[in-house]
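**Q** Submitted below is the structure of interest, expressed as structure tokens.
Here, each number is a calculation from the coordinates, and none is a lab measurement. The structure presented is a predicted model; accordingly, all values stated were derived computationally and were not measured. FYI the Cβ positions are ideal-geometry reconstructions off the backbone, even for glycines, and counts take in every protein chain you see.
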Amino acid sequence: MNYISKDPLLEPYINFSKSIIKHYAKSFYFASAFLPKEKRLATYVIYSFCRYVDNIIDKPRKRTKEELTNELDSIKDELSKAYKYSESEHPILGIFIKVINQYQIPIEYAFDLIEGVRMDLIYDRYENFDELYKFCYRVASVVGLMMTYILGFEDKRALIYAEKLGVAMQLTNILRDVKEDKENGKIYLPLNEIREFNLTEDDFINERFNSNFKEFIIFQVNRAQAYYEESKAGIPMLDKDSRFAIYAALRIYSGILQEIVKNDYNVFKGRAYVSTSKKILILISEYLSNFFRK
């Protein structure tokens, strides 16, 4: 196996990937420190590719939708060629392809991610959970699926649970960012469920947090938590040297839901997050739990 850490020419690209995950994904960066070096570096590369594609839409830019669509098309085209020829001079795609090949990760996951980002360019509302699930799968589950190939597994059912964990994390993102998203003209939570709780889009826009809205968020938090619980069954299917990092990442990220609960489910109070001190406590707790699981 051609380890990326063994090629000195790749070191600048790896360091760049590390800086991306450290800036944009503090929780996973925190947990990934407990992975073996080669796996850790490979996850940095996977994440930097995903963030690069995601930022085409997420970062404030002056380009038109047509120009952003063309940019996604160009990336998809270059990715196809890079995969075909196993090389690219693109500073992110080049090393991403090396990792894809090294760990035999299906390239379809990367294409799915691009289409998920395209969905975010086209849609600012989702009528039902089935539609939202498709979006969550494309922008989050496929990231976890690619990571799973790096983490290592023998039982293919691990991929099913990786998909569930990705959905749980994306639902958490959506709940954490309700206020920010509505200010950007987006409401991700299913419209049919909003109506079922006797709410309207106007309640989001004007931040009307009443008893109905609280019950609605409780329902959404419980669903996200259920996906976390389901996903736990897949962690023992991973390589032993990968399990602790994923247990920790799950605990830290699901901790955002607990912060929402502490805010009495008022998602308009501000962005819920898990403090560094709490992350450390979670890691200590998870380390002890992992020790007794052995």
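**Q** Test of the criteria: in region 21-125, which trypsin sites (Lys or Arg not before Pro) are in a DSSP loop and have at most 14 other Cβ atoms within 10 angstrom of their Cβ?
**A** Numbers: sites: K22, K26, K37, K39, R40, R51, R61, K62, R63, K65, K76, K81, K84, K98, R118, R125; in loops: R61, K62, R63.
Answer in residue order: R61, K62, R63.
**Q** On to the next question. Plugging the Kirkwood radius over Cα pairs into Stokes-Einstein for region 73-134, at a temperature of 20 °C and a viscosity of 1.002 mPa s, what D comes out in µm²/s? Before the final figure, lay out the partial values.
**A** On the way: Rh = 13.0 Å.
Calculated translational D: 165 µm²/s.
**Q** While we're here: Could you give the angle, 0 to 90 degrees to the nearest 10, between helix 240-262's Cα long axis and the longest principal axis of the Cα atoms of the chain?
**A** With both axes taken from Cα atoms, the answer is about 20 degrees.
**Q** Helix-only mean residue ellipticity at 222 nm, the chain, DSSP H runs n ≥ 4 weighted -39,500 (n - 2.57), per residue, nearest 500. What is it? Mind dumping the intermediate values first?
**A** On the way: 15 runs with 207 residues, N = 294.
Calculated mean residue ellipticity at 222 nm is -22500 deg cm²/dmol.
**Q** Could you give me the radius of gyration and the Dmax of the chain, taking only the C-alpha atoms into account and expressing both in angstrom?
**A** When restricted to Cα atoms, the chain yields Rg and Dmax of 19.3, 59 Å.
**Q** Show me the three semi-axes of the equivalent ellipsoid for region 156-212, from the C-alpha gyration tensor (sqrt of 5 times each eigenvalue), largest first, rounded to whole Å.
**A** Each semi-axis is the square root of five times an eigenvalue, giving 28, 13, 9 Å.
**Q** Okay, moving on. Considering only C-alpha atoms, what is the centroid distance from region 17-47 to region 75-148, in Å?
**A** Measuring centre to centre over Cα atoms gives 18 Å.
**Q** Could you tell me how many degrees, from 0 to 90 and to the nearest 10, lie between the Cα long axis of helix 142-151 and the main elongation axis, the longest principal axis, of the Cα atoms of the chain?
**A** 40 degrees
**Q** OK, next. Between N192 and Q104, what length comes free when the chain is fully extended (0.36 nm per residue of separation minus the Cα-Cα distance, one decimal in nm)?
**A** Values: separation 88, 0.36 × 88 = 31.68 nm, distance 3.99 nm.
That works out to 27.7 nm of additional length.
**Q** Let a ≥ b ≥ c be the square roots of the eigenvalues of the Cα gyration tensor of region 42-86; is it rounded (a/c under 1.5), or, if not, prolate (a/b larger than b/c) or oblate?
**A** Numbers: a/c = 4.78, a/b = 1.33, b/c = 3.59.
Oblate is the answer for region 42-86, as a/c is 1.5 or above yet b/c matches or exceeds a/b.
**Q** Once you have the Kirkwood Rh of region 1-122 from its Cα pairs, apply Stokes-Einstein at 25 °C and 0.890 mPa s and quote D in µm²/s. Intermediate values should be presented prior to the final figure.
**A** Working: Rh = 15.0 Å.
For these conditions, the coefficient is 163 µm²/s.
**Q** Scan region 108-156 for GluC sites (Glu not before Pro) in coil per DSSP, keeping those whose Cβ has at most 16 other Cβ atoms within 10 Å, and list them by number.
**A** E127, E154
**Q** Oh, and also: Could you list the square roots of 5 times each eigenvalue of the Cα gyration tensor of region 199-294, that is, the equivalent ellipsoid semi-axes, sorted largest first and rounded to whole Å?
**A** Value: 32, 15, 9 Å, ordered largest first.
**Q** Could I ask something else about it? Give the angle, between 0 and 90 degrees and rounded to the nearest 10, that separates the Cα long axis of helix 65-85 from the longest principal axis of the Cα atoms of the chain.
**A** With both axes taken from Cα atoms, the answer is about 30 degrees.
**Q** Here's a follow-up. If the viscosity is 0.890 mPa s and the temperature 25 °C, what translational diffusion coefficient in µm²/s does Stokes-Einstein give for region 123-294 when Rh comes from Kirkwood over Cα pairs? Before the final figure, lay out each step's value.
**A** On the way: Rh = 16.9 Å.
For the chosen part, D equals 145 µm²/s.
**Q** Under a cut-off of 17 Å between alpha-carbon atoms, report the lysines in cross-link reach of K232, not counting same-chain residues fewer than 8 places apart.
**A** Once the sequence-local lysines are set aside, what remains near K232 is K156, K164, K240, K294.
**Q** GluC sites (Glu not before Pro) within region 66-103: which are DSSP loop residues with at most 16 other Cβ atoms inside 10 Å?
**A** E87, E89
**Q** Taking a 28 Å limit on the Cα-Cα distance, which of the listed pairs K26/K84; K39/K76; K65/K98 fall beyond it?
**A** Values: K26/K84 33 Å; K39/K76 25 Å; K65/K98 31 Å.
Pairs exceeding the cut-off: K26/K84; K65/K98.
**Q** How would region 53-175 be classified by its alpha-carbon gyration tensor: rounded, prolate or oblate, with rounded meaning a/c under 1.5 and the a/b versus b/c comparison settling the rest?
**A** Numbers: a/c = 2.30, a/b = 1.04, b/c = 2.21.
Since a/c reaches 1.5 but b/c is at least a/b, the shape of region 53-175 is classed as oblate.
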